[in-house]
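Working notes, structure below.
The values are calculated or read from the model by the stated rules, or taken from the named source; none is laboratory data. Every value quoted in this text rests on a predicted model; they were computed, and no experiment measured them. Virtual Cβ from ideal backbone geometry, glycine too; neighbours counted across all protein chains shown. Each accessible area value is taken on the protein alone, full model and side chains, heavy atoms only, with ligands, DNA and RNA left out. Shrake-Rupley method; radii C 1.70, N 1.55, O 1.52, S 1.80 Å.
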Amino acid sequence: MAVQAESKQSSHAGDHSKLDPKDHLLLDPKPRGEMNAMVMEAMQTTHWRFWVAVAVLGGIVAYCLVYMWIYMIQEGLGVAGVNRPVYWGVFLVNTVFWIGISHAGTFVSALLRVFKAEYRRPFTRAAELMTSFGLIQAGISILMHMGRVWRFYWMVPYPNERMLWPNFRSPLMWDLLAITTYLLASTMYLFLPLIPDLAMARDRSTGWRKKLYRVLALGFRGTEKEWSHLHHALNIFAFAILPVMFSVHTIVSWDFAVATRPGWNSTIFGPYFVIGALHSGIAAVSMVLIVVRATMKNMKYFIRKEHFNALGVLMLIVSMGWAYFFFNDFMVQWYGGDKWTHFLLHWHEAGPIGWMWFLMLIFNIAVPWLTLWNKKWRSSPLVLFVVGLLINVGMYFERYIIVPVSLGINRNPFSWGEYKPGVEIYLTIGTFALFILLYMIASKLIPLVPVWEVQEGQLAHSVRKIGKAELPAVTDLE
Amino acid sequence: MTEKLKILALFEDIDPAAHSMDALHDLGIGHEEVEVITGSPIKPEMMGRHHPHSKVPLFAFVGSVGGLFIGILLAFVTPRLYPLNVGGKGLSPGAPSIVVIFEMIMLFMLISTFLGVIFESMFPDYTKKEYHPEISDGHIAVLIDIEPDQQSALEDAMKNAGAKTVRVAERQQI
């Protein structure tokens, strides 16, 4: 009996001591040439459905974004729903939302690089692309909000005959500086690690692609000096772009927080906005990866359940962080006793948009907490996609409640009012369509997987036997 | 004086490429006459070589100092050239000025870092160079400058070390 028990135990231990390398990309290496071929095939193989989607999205962009924007410029901002007392409507909601989406790329790429989180390797570029394209939508939304968009250059500081100079004490100018800095920095941070992959694409392309990649690869060969310069630059970028990322959404929060309005004048708005940005951003990265994996060839090799599991854990932690900051913000305002704030909080919960307030809490807290604790569920692309979608809907609601809903209540009860969006609905659909369209086009033009980073990771990983168990071991090669 | 030859030895793995460095040393070929080209970064120590010096951090530092001055210019100097009194605040209050200065420091530091890579790597360079497309497929190329009379000894040494191919490197359009 004792022998039987020992044998059972031993067999049980044996089942768990073997590591299945197929679960881990970095322990399941393929020859570099094969990985290159897989990425090139994913980029160059295009199903007819892709072109149909591009045509539909192009049509939506042309009508909802281009035509409607021209219409708004011709007719004036009156065709939008912004009016007293709600001067900031969906345009600002979209700006905050898209800047939030853009945080994911930097967070996933830079922060995980700084902390040497190895699972980041195959999807850093997919996330970085979201940063650049998200910021473009944020910038477009601000320009829409300006109304007289052709006066944009008035914000640019240069000596001029108008004797106008931007006011650098205004949070709106800080916005311009921070978003410009972030857009340029994230574009450079996207491009630098792309150079070796563009060189790879150059080496195995023909025709117009060869010419394009030849120009973009800048003559990169992979000499020791080139790698060394790139390595130094990526380290500097990874450390420096993080405070820029934090500054951008903090400054966006100050657009609201520095105004002495009920609901906005909160010292915790900076970190509350940053964590909100990460919440929607990481959820959006997960969604994009799931779509990329499902629709592009060979991506199942690079993007695996281990990555969804890791992103699911991140989403759960960030959701807890968001709940913590939300409660802090709510608690202090509720306790303060200011009657206008009290009116506002009551308006949030029991006003005509009260359903949105409750859905925000359900989508941002209840849904991730009830699902993502389970490894099996969070590793499932379908579950993670649905949770990510709901989080993004919840975060859009959060921004909607902060901007137009909160603006409806102020210290002058005679001017209270509701906001009903007009042309903004089309323009919002247009920005979403443009984001997806740009991403789809980019996925066919640049290698979406940083193959050299994956190869570097595979070189650094091995299986080490400790006792009876085979465990993954990592060598620091960066 | 005879013109030097460039020999390109192509290896499939790191280990034989690293061992080839010993063979080169035995032939009296110094580190400065050898260049290693790879499709993904490898630590120079793996090849028994020194870390190449990079001035990219210096570019970043100079850029951040430049950004500091531009931030000070925007936050402290220009408000005096174009005074605009708003909300009873001073022309250059401390906290808002820090925001402007911070953003300028970061912007110019990161732009300089990017330009550092471009200048240090001498990008863009579309001239013909010694290269082999298999490098980006994971092969490791060792490019060696030698006197013509060393060619056969070098080729033998590289083949013995495990090189897949050894040939005179031709400049090609990449």
Candidates A:457, A:417, filtered to the one that is in a loop (DSSP other than H, G, I, E, B) and at pLDDT below 95: A:417
Given (1) open to solvent by less than 20 Å² (accessible area, probe 1.4 Å); (2) within 7 Å of chain B (Cβ to nearest Cβ); (3) at pLDDT 95 or above, index of the condition residue A:253 fails: (2)
Selected residue [within 24 Å of residue B:47 (Cβ to Cβ), of a type outside the set (Lys, Arg) and free of Cβ contacts under 8 Å to residues at least 60 places away in the same chain] from B:102, B:114, B:108, B:123: B:123
Members of the stretch A:133-149 that are of a type outside the set (Val, Ile, Thr) and open to solvent by 10 Å² or more (accessible area, probe 1.4 Å): A:133, A:139, A:143, A:145, A:146, A:147, A:148
Residues of the stretch B:74-94 classified as more than 7 Å from every other protein chain (Cβ to nearest Cβ) and surrounded by 15 or more Cβ atoms within 10 Å (Cβ to Cβ), total: 3
Residue pairs meeting the criteria (Cβ under 7 Å; at least 6 apart or on separate chains; first more than 24 Å from residue A:450 (Cα to Cα) and within 12 Å of another protein chain (Cβ to nearest Cβ), in the stretch B:26-54; second in a loop (DSSP other than H, G, I, E, B) and of a type in the set (Lys, Arg)): B:31/B:49
Any chance residue A:94 is open to solvent by less than 70 Å² (accessible area, probe 1.4 Å) and either assigned to a loop (DSSP other than H, G, I, E, B) or closer than 30 Å to residue A:411 by Cα (or both): yes
Residues that are over 14 Å from residue A:180 (Cβ atoms) and of a type in the set (A, V, I, L, M, F, W, C), drawn from the stretch A:130-139: A:130, A:133
